[in-house]
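Contents: one structure, followed by commentary.
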Amino acid sequence: MTNRTQLLKDALASRILILDGAMGTMIQRLKFDKAEFRGEQFKDITNEIKGNNDILAITQPEAICNIHKEYLAAGADIVETNTFNATRVSQADYQMEDIVYDLNVACAKVAREAADEFSALTPDKPRFVAGVLGPTSRTASLSPDVNDPAFRNVTFDVLVDSYKEATKGLIDGGADIIMIETIFDTLNAKAAIFAVETAYEEMGVELPIMISGTITDASGRTLSGQTAEAFWFSVRHANPVSVGFNCALGAKDLRQHIAALSKVADTAVSAHPNAGLPNEMGEYDESPEEMTAQLKEWAQSGLYNIVGGCCGTTPDHIKAIADAVSGLPKREIPNIEPHMRLSGLEPFRVI
């Protein structure tokens, strides 16, 4: 166990930790044009790459570093790397697969710089970098063709290779944690877990793993069909430092699923919901005060150990959340009696 890992576990044992908010929301505010996205590094690329936010750690590193610093100044203990689409599978949409390793290194280094600056200012409150592995733009469980249910546009092995390459870049860039997030397909998450563990073995390192799924709608299930409890049973073997949910729903609609997870997970629970549901323009209207009122009640009810924000959240949201939960007790991790626990779409216990 590294010293940074022990520091993280000590922090989790003592208080609620604050995760940062949305990266995309903050990037949109900067209104970078095509030339600024390309920078000097990619000025000769002919295909359209505006909107490929991950590359800004290479072309506009100061701007991305400043976003991390804004969240740290707001009270974040953990900042997430700007690598939501920094896998070979997702970068294929921009024909930029060959930069994936360097992209992950760059994103992790930018976040590391910001975290180290704030850790130096508050030695009693170390800040951590979570290297993000996003869900990719493809799903291993579902067919994208309604006329051919058996068709898949990606394989498990391709996902593993893609995730492993990204993981190695995040580690070499200085990440403290690997965070598999916004999981809508548990089979994709399984590939990510296997890839991360393989990368650890090949590199001779072992970082904590955070896992965060996504309940996609009012059905209370992931896109691949699992309930909150079944999802946990499917990924528990990774022995993550935390498990939780993010994205898709606002705090009001996500609460029941975090509550269900909190009862069965014998590890830390994380939550970073959206700032409400998107409006007709695809924007998020929930104010810091509205969101914080809900998340404070969650903390008072003992539902989570890590809290932050997803789509539509800003440093103002994170500051309001951090202030509201400061001093409130963390969730106590339950002592779960050993039983065989299996899952398909539903959880199954052998008692």
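Suppose a student asked you for the relative contact order of the chain, using Cα pairs under 8 Å spaced at least 6 residues apart; what percent would you report? Computed over the chain, the figure is 18 percent. For the peptides 137-143, 52-58, residues were scored by their other Cβ atoms within 10 Å and the scores averaged per peptide; the highest-first order is 52-58, 137-143.
Each semi-axis of the equivalent ellipsoid for segment 64-200 is √(5λ) with λ an eigenvalue of the Cα gyration tensor; in descending order they amount to 31, 14, 13 Å.
Here is the list for segment 45-98: trypsin sites (Lys or Arg not before Pro) lying in DSSP coil, each with at most 15 other C-beta atoms within 10 angstrom of its C-beta, are 50. In the chain, helical runs assigned H by DSSP with n ≥ 4 each contribute -39500 (n - 2.57); averaged across all residues and rounded to the nearest 500, the mean residue ellipticity at 222 nm is -13000 deg cm²/dmol. Excluding same-chain neighbours fewer than eight residues apart, the lysines reachable from residue 263 by a Cα-Cα span under 26 Å are 9, 190, 252, 296, 330. Counting Cα-Cα pairs of segment 117-274 in 10 Å increments starting at 0 gives whole-percent bin shares of 11, 37, 34, 15, 2, 0. Each of 272, 237 was scored by other Cβ atoms within 10 Å of its Cβ. Listed from fewest to most, they are 237, 272.
Among beta bridges identified by DSSP and lying wholly in the chain, the antiparallel ones come to about 15 percent. Mean separation of Cα pairs under 8 Å and 6 or more residues apart, divided by the residue count, gives segment 10-112 a relative contact order of 30 percent. Hydrophobic, long helices, defined as DSSP H runs whose alpha-carbon span along the helix axis is 27 Å or greater and whose mean Kyte-Doolittle value is at least -0.5, occur in the chain at 100-121. Taking 7 Å steps out from each Cα toward its Cβ at residue 33 and residue 146 produces label points 4.1 nm apart.
Sorted on the mean count of surrounding Cβ atoms within 10 Å across their residues, most packed first, peptides 109-120, 303-314 read 303-314, 109-120.
Here the simple spin-label model places points 7 Å from the Cα toward Cβ, and for residue 14 and residue 102 these points are separated by 4.1 nm.
Read-outs: derived from the displayed coordinates by stated rules, not from any lab. What you see is a predicted model; the values in this text were computed from it and never measured. Glycine gets a Cβ as well: all are built from the backbone with ideal geometry, and neighbour counts include every protein chain shown.
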